[in-house]
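Heads up: the structure comes next, in structure tokens.
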Amino acid sequence: MAHRLASLLSDRFEGGTPLTTTELIARETARTSDARVLVPEALEDLLTALHDRGYRVLGPQLRAGTIVYGELTRAADLPTGWTAEQEPGHYRLARRNDEARFGYTPGPHSWKQELFPARVRLFSSKRTGADLELTEEPLDERPTALVGVRACEVAAIRIQDRVFLGGRFADRDYAARRRELFVVAVDCGEPAATCFCDSVGAGPSAEHDFDLRLTELLDGEHRLLAVAGSAAGAELLGALPARAASDDDLAAADQLREQARATMRAGAELQVEGLHDLLVENPEHPRWDDVAKRCLGCANCTLVCPTCFCSSVEDVADLTGTEAERFRVWDSCFSVKYSELHGGSVRTSTKSRYRQWLTHKLGTWQDQFGELGCVGCGRCITWCPAGIDLREEVNALQEVQAQ
Amino acid sequence: MTIKTLDTVVLEHPLFAALTPRQAQIVAGCASNVVFDEGEAIFKSGDKADTFYLLRHGQVAVDLHAGERGALTIDTLGQGDLLGWSWLIPPYRWQFDARALELVRAVAFDGACLRGKIEHDHDLGYQLYVRFSRVLLERLQTTRLRLVDVYGNN
Amino acid sequence: MATTEVHTEPHVHGALLPRPFTVERRVRETHDTWSLTLEPVHGGRIAPEPGQFTMLYLPGVGEVPISVSGGCAGGSLVHTIRAVGAVTQALCALQPGQVVGVRGPYGNAWPLPEGSDIVVVAGGIGLAPLRPAIERILENRTRYGDVTLVYGSRTPDDILFRRELERWRGRLDFKVGVTVDAAPAEWRGSVGLVTKPIPRLPFDPDATTALVCGPEIMIRFVAEALMERDLPAEQIAVSMERNMRCGVGLCGHCQLGPTLICRDGPVYTYAEAGPWMEVREL
């Protein structure tokens with residue numbers, strides 16, 4: 001059972017009695033002994049089974065020249081036979097010469113748009129005489145299934161869990177969306193040039209925190225190895241037309257993952273050793289001035305990053321001022337307004353804002369949440385119009401240090 | 001109770017610490033005890049600055065006349081503080097007013113006399129300029145901080 | 001098998017939902033500063049510690065973090081607010097009977113180690129977050145050694161809490177010094193920067209805790225003056241500020257180096273915060 005909130009969220013309110021709530025995120029390691037093999041057509045059965053069990057199913061599909069996440073009604077809507085060419089500042093869809101259902105690396109969308117939507121109403125208020133009635137927004141607790149969740153994305157969800165649920169105050173909106181989540185993870189066999197999940201320990205294969213994990217094998221017979229990572233996953237897998245996995249199947253899956261790791265190792269990796277101190281202890285490193293010349297402060301990286309969680313609030317009222325609403329909206333540390341204080345901003349220069357983002361993501365996130373904030377998905381590299389590659393920036397910071 | 005001689009008072013003051021005995025004697029030789037009553041003017045802006053003071057007791061207000069805003073007090077000095085450095089720097093004219101806020105006892109130094117002495121005694125001159133510079137620097141720094149509105153009133 | 005325990009703080013509503021409070025009293029402190037006394041509409045006073053803050057909300061206008069300036073001894077909640085922006089201006093315009101939303105209290109408290117001598121240095125509006133600490137000390141006076149307040153203000157008209165200051169000055173066991181940057185000639189008190197009295201303050205650096213509050217630039221110079229007197233940076237407590245949105249550790253805005261002010265502050269030792277203050281635009 002993966003990221004299912006085994007909870008205990010009871011919403012008792014007895015006129016003034018405070019309610020205490022505890023949620024537990026339990027993790028279980030995948031059990032490869034129960035591996036099964038599906039033919040690609042069985043994905044339709046998977047979607048049907050999910051719909052039958054009352055899940056709203058979301059998954060990848062083609063739209064606007066990219067692969068986005070949206071409602072997945074039929075397996076035919078999957079981006080079959082498509083892949084994505086990704087480089088710093090570059091993204092192009094390209095046709096594959098096979099019928100791989102999941103033969104692409106993630107695009108600009110990440111699952112945070114579902115669990116942490118860009119705009120959410122928190123509450124509405126109404127002035128009534130000498131009182132102010134505040135009504136919390138009803139929660140979205142629809143059971144949702146995410147299909148095609150990469151290892152880096154599974155890791156990203158886990159990281160956001162820590163931010164939104166692991167502190168003294170939990171985010172009730174996130175908790176609600178998270179509660180009935182069914183995760184169908186997918187291994188990566190062909191990382192993009194911008195991928196580096198292995199150097200941060202977030203891929204290429206998810207080890208836990210999923211309900212089902214698929215490994216798409218294209219050598220010889222096109223098939224998908226499937227393992228369950230939870231009781232719900234096992235139940236669903238049992239209902240699908242599948243055969244037992246042979247040793248060859250398991251070996252092929254292992255080989256795929258090894259291949260993926262090798263590809264990434266042959267490319268640019270992120271040097272994780274000593275990363276925290278490197279960033280925290282060098283706020284005046286000349287490299288920050290260098291990257292500031294290239295960075296546009298456009299905030300693309302924070303928009304596409306699956307772990308970025310900064311938000312702001314929007315307050316709107318009707319013309320009479322009697323009724324008002326408050327919304328939580330995505331925000332970015334690249335905005336000058338982000339650090340506004342007493343009429344000015346603490347971080348006005350691009351240098352200070354880029355430094356804040358990178359130092360937080362790779363450094364102080366560890367102080368604040370006990371782990372690295374980056375999953376190595378490479379989206380920030382692909383979608384940066386200036387092609388800034390944080391692996392390169394970190395290397396440059398280290399090099400001058402060593403001198 | 002021992003009443004300290006003027007010499008001792010001068011020598012013990014941090015401003016004149018580590019002067020040679022000969023130098024200290026010259027400085028003390030230009031000193032005398034003075035008393036100001038509450039409200040009494042000690043000096044006025046624009047007047048010739050021929051004196052400086054080491055305050056021994058009581059508070060002194062340093063005022064600036066700001067036209068229609070009246071007099072503004074821009075500093076208060078008390079026991080142990082140096083009052084007056086305009087005697088050392090041309091054109092030797094007071095830049096501000098000084099007024100006793102209460103009964104004030106001070107050691108007054110004949111600045112004109114000292115100026116004459118250091119014309120020839122460059123060693124003593126150097127020592128005095130070094131020490132007074134320090135005081136000026138500190139006053140300048142705190143003034144600058146008040147310029148940036150340290151309390152954030154903007 | 002790893003588990004991450006997750007908690008939602010005991011509360012009647014969600015952590016992001018304000019509770020309505022009525023303005024009981026409105027007092028003008030200076031030309032741009034007001035103190036509001038607040039009582040919860042549906043009962044359930046909060047119990048803030050000196051140094052903590054709440055998020056004050058006006059529907060359709062916005063929400064701001066304001067330090068608690070009174071009510072840490074069980075009485076009504078008091079906030080002293082300077083009208084500098086849209087939200088604070090609207091808060092300062094509230095009349096008795098009107099309602100404001102309150103979330104909190106959040107953050108940590110001023111350290112008040114028993115047996116210590118305490119030196120309180122406040123600049124401008126910085127006296128407001130320190131008032132509850134002073135009151136806590138005076139309520140338990142025998143627990144502390146010598147207690148001193150140095151309060152600096154721009155002009156006599158900007159002095160806050162005049163009545164309290166008179167009361168405190170009247171006590172034999174509390175040394176109070178007030179200084180202003182500039183004053184009309186009628187001013188009988190001290191003129192000069194708040195750092196001026198520090199070199200001559202009688203305190204034992206080994207046994208003293210300093211509480212410093214005011215704009216960052218003032219904090220830096222005061223802390224330096226205190227350290228010139230051999231007061232260790234670990235014994236200097238300062239209150240820090242950054243942009244805040246949620247106040248509960250979920251929005252990322254109030255980051256100060258490796259910490260979140262709403263969760264790890266606003267009170268820090270100068271040993272921690274000093275190095276951060278030296279980095280431009282941190």
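The values are calculated or read from the model by the stated rules, or taken from the named source; none is laboratory data. These figures come from a predicted structure and were not determined experimentally. Ideal geometry is used to build each Cβ from the backbone, glycine not excepted, and the neighbour counts take in all protein chains shown.
Looking at the stretch A:251-280, which of its residues are assigned to a helix (DSSP H, G or I), surrounded by 16 or more Cβ atoms within 10 Å (Cβ to Cβ) and either at pLDDT below 95 or among the aliphatic types (A, V, I, L, M) (or both)?
Within the stretch A:251-280, A:Ala252, A:Ala253, A:Leu256, A:Ala260, A:Met264, A:Leu275, A:Leu278, A:Leu279, A:Val280 meet the criteria.
Residues to consider are C:Glu186, C:Glu164; find the one that is free of Cβ contacts under 8 Å to residues at least 60 places away in the same chain and away from chain B (no Cβ under 14 Å). It would help to see each step written out before you state the result.
Details: C:Glu186 fails: away from chain B (no Cβ under 14 Å).
Going through C:Glu186, C:Glu164 in turn, just one is free of Cβ contacts under 8 Å to residues at least 60 places away in the same chain and away from chain B (no Cβ under 14 Å): C:Glu164.
I'm checking my understanding of the structure. Among residues of the stretch A:123-142 that are among the basic types (Lys, Arg) and out of contact with any Leu (no Cβ under 8 Å at 6 or more places or on another chain), which one is nearest to the other protein chains (Cβ to nearest Cβ)?
Within the stretch A:123-142, the subset among the basic types (Lys, Arg) is A:126-127, A:142.
Now drop any that are not out of contact with any Leu (no Cβ under 8 Å at 6 or more places or on another chain), which leaves A:127, A:142.
Values: A:Arg127: 7, A:Arg142: 19 Å.
Per the criteria, the residue is A:Arg127.
Filtering the stretch A:349-375 down to residues that are out of contact with any Asp or Glu (no Cβ under 7 Å at 6 or more places or on another chain) and not in a helix (DSSP H, G or I), which residue is surrounded by the fewest Cβ atoms within 10 Å (Cβ to Cβ)? Don't jump to the end; show me each part of the working.
Let us first name the residues in the stretch A:349-375 that are out of contact with any Asp or Glu (no Cβ under 7 Å at 6 or more places or on another chain), namely A:350, A:353-357, A:359-375.
Next, from what is left, pick out any that are not in a helix (DSSP H, G or I): A:370-375.
Numbers: A:Gly370: 9, A:Glu371: 14, A:Leu372: 22, A:Gly373: 23, A:Cys374: 28, A:Val375: 27.
Looking at the filtered set, the residue picked out is A:Gly370.
Looking at the structure I just gave you, is C:Ala182 crowded, with 17+ Cβ neighbours inside 10 Å, within 30 Å of A:Thr348 (Cβ to Cβ) and more than 20 Å from the chain's Cα centre (by Cα)? It would help to see each step written out before you state the result.
Details: crowded, with 17+ Cβ neighbours inside 10 Å: yes; within 30 Å of A:Thr348 (Cβ to Cβ): no; more than 20 Å from the chain's Cα centre (by Cα): yes.
No; evaluated as a whole, the condition is false for this residue.
Would the stretch A:75-84 turn up any residue that is touching a residue at least 60 places away in the same chain (Cβ under 8 Å), closer than 24 Å to A:Ile157 by Cα and of a type in the set (Gly, Ala, Ser)? If you could, list the steps in order and put the result at the bottom.
Let us first name the residues in the stretch A:75-84 that are touching a residue at least 60 places away in the same chain (Cβ under 8 Å), namely A:78, A:83-84.
Okay, now just the ones that are also closer than 24 Å to A:Ile157 by Cα, so A:78, A:83-84.
With the extra rule that they be of a type in the set (Gly, Ala, Ser), the set shrinks to A:84.
Scanning the stretch A:75-84 turns up at least one residue that is touching a residue at least 60 places away in the same chain (Cβ under 8 Å), closer than 24 Å to A:Ile157 by Cα and of a type in the set (Gly, Ala, Ser).
Just one of A:Ala262, A:Ala253, A:Ala242 is in the same structural domain as A:Arg101 (by TED's automatic domain parsing), touching a Ser or Thr at 6+ places or on another chain (Cβ under 8 Å) and not charged (D, E, K, R); which is it? Break it down stepwise before answering.
Values: A:Ala262 fails: touching a Ser or Thr at 6+ places or on another chain (Cβ under 8 Å); A:Ala242 fails: touching a Ser or Thr at 6+ places or on another chain (Cβ under 8 Å).
Residue meeting the stated conditions: A:Ala253.
State yes or no: is A:Leu115 surrounded by 15 or more Cβ atoms within 10 Å (Cβ to Cβ) and within 14 Å of another protein chain (Cβ to nearest Cβ)? Break it down into steps so the answer makes sense when it comes.
On the way: surrounded by 15 or more Cβ atoms within 10 Å (Cβ to Cβ): yes; within 14 Å of another protein chain (Cβ to nearest Cβ): yes.
Considered against the rule, which asks whether it is surrounded by 15 or more Cβ atoms within 10 Å (Cβ to Cβ) and within 14 Å of another protein chain (Cβ to nearest Cβ), A:Leu115 comes out as yes.
Assigned by TED's automatic domain parsing to the domain that holds A:His208 and more than 11 Å from the chain's Cα centre (by Cα): does that describe A:Ala130? Walk me through it before giving the result.
On the way: assigned by TED's automatic domain parsing to the domain that holds A:His208: no; more than 11 Å from the chain's Cα centre (by Cα): yes.
No.
Here are A:Gly107, A:Gly70: which of them is under 21 Å from the mean Cα position of the chain (by Cα) and buried (at least 22 other Cβ atoms within 10 Å of the Cβ)?
Working: A:Gly70 fails: buried (at least 22 other Cβ atoms within 10 Å of the Cβ).
Of the residues listed, the single one that is under 21 Å from the mean Cα position of the chain (by Cα) and buried (at least 22 other Cβ atoms within 10 Å of the Cβ) is A:Gly107.
Suppose we filter the stretch A:317-338 for residues that are without any contact (Cβ under 8 Å) to a residue 12 or more places away in the chain, facing chain C (nearest Cβ under 8 Å) and within 19 Å of C:Cys246 (Cβ to Cβ); how many remain?
0
In the stretch C:99-110, is there at least one residue being more than 23 Å from C:Leu260 (Cβ to Cβ) and part of a loop (DSSP other than H, G, I, E, B)?
Restricting attention to the stretch C:99-110, the residues satisfying the condition of being more than 23 Å from C:Leu260 (Cβ to Cβ) are C:99-100.
With part of a loop (DSSP other than H, G, I, E, B) added as a condition, the list becomes none.
The answer is no; no qualifying residue exists.
Return the total of residues in the stretch B:111-129 being of a type in the set (Gly, Ala, Ser) and under 16 Å from the mean Cα position of the chain (by Cα).
Kept after step one, since they are of a type in the set (Gly, Ala, Ser), are these residues of the stretch B:111-129: B:111-112, B:116, B:125.
Add one more test, that the residue is under 16 Å from the mean Cα position of the chain (by Cα), and what stays is B:111-112.
Here the count works out to 2.
Could you say whether any residue in the stretch C:151-162 is surrounded by fewer than 22 Cβ atoms within 10 Å (Cβ to Cβ), of a type in the set (D, E, K, R) and touching an Asp or Glu at 6+ places or on another chain (Cβ under 7 Å)?
yes
Where residues in the stretch B:140-154 are part of a helix (DSSP H, G or I) and loosely packed, with under 15 Cβ neighbours inside 10 Å, which of them is farthest from the other protein chains (Cβ to nearest Cβ)? Full working, then the answer.
If we filter the stretch B:140-154 for residues that are part of a helix (DSSP H, G or I), which is where we start, we get B:140-147.
This time we only want the ones that are loosely packed, with under 15 Cβ neighbours inside 10 Å, so: B:140-141, B:143-144, B:147.
On the way: B:Leu140: 12, B:Gln141: 9, B:Thr143: 9, B:Arg144: 10, B:Leu147: 10 Å.
Among residues in the stretch B:140-154 that are part of a helix (DSSP H, G or I) and loosely packed, with under 15 Cβ neighbours inside 10 Å, the one farthest from the other protein chains (Cβ to nearest Cβ) is B:Leu140.
Provide a single number: the residues in the stretch C:200-215 that are surrounded by 16 or more Cβ atoms within 10 Å (Cβ to Cβ) and acidic (Asp, Glu).
Residues of the stretch C:200-215 that are surrounded by 16 or more Cβ atoms within 10 Å (Cβ to Cβ), as a first pass: C:201, C:203, C:208-215.
Pick out the ones that are also acidic (Asp, Glu) and you get none.
Of the residues in that region, 0 qualify.
Kindly provide the set of residues from the stretch A:271-295 that are away from chain C (no Cβ under 14 Å) and more than 30 Å from A:Ala151 (Cα to Cα), ordered by number.
The answer is A:Pro286, A:Arg287, A:Asp290, A:Lys293, A:Arg294.
Does the stretch A:185-194 contain any residue that is in the same structural domain as A:Asp52 (by TED's automatic domain parsing), in contact with a Gly (Cβ under 7 Å, 6 or more places away or on another chain), among the aliphatic types (A, V, I, L, M) and more than 22 Å from A:Glu44 (Cα to Cα)?
Yes, the stretch A:185-194 has at least one match.
Is there any pair linking a residue in the stretch C:101-119 that is more than 14 Å from every other protein chain (Cβ to nearest Cβ) to one that is in a strand (DSSP E or B) and not hydrophobic (A, V, I, L, M, F, W, C), with Cβ under 6 Å and at least six apart or on different chains, and which?
Hits for this filter: C:Pro113/C:Thr209; C:Ser116/C:Thr209; C:Asp117/C:Thr208; C:Ile118/C:Thr209; C:Val119/C:Thr148; C:Val119/C:Thr208.
Looking at the stretch A:226-235, can you tell me whether even one residue there is buried (at least 19 other Cβ atoms within 10 Å of the Cβ) and assigned to a loop (DSSP other than H, G, I, E, B)?
yes
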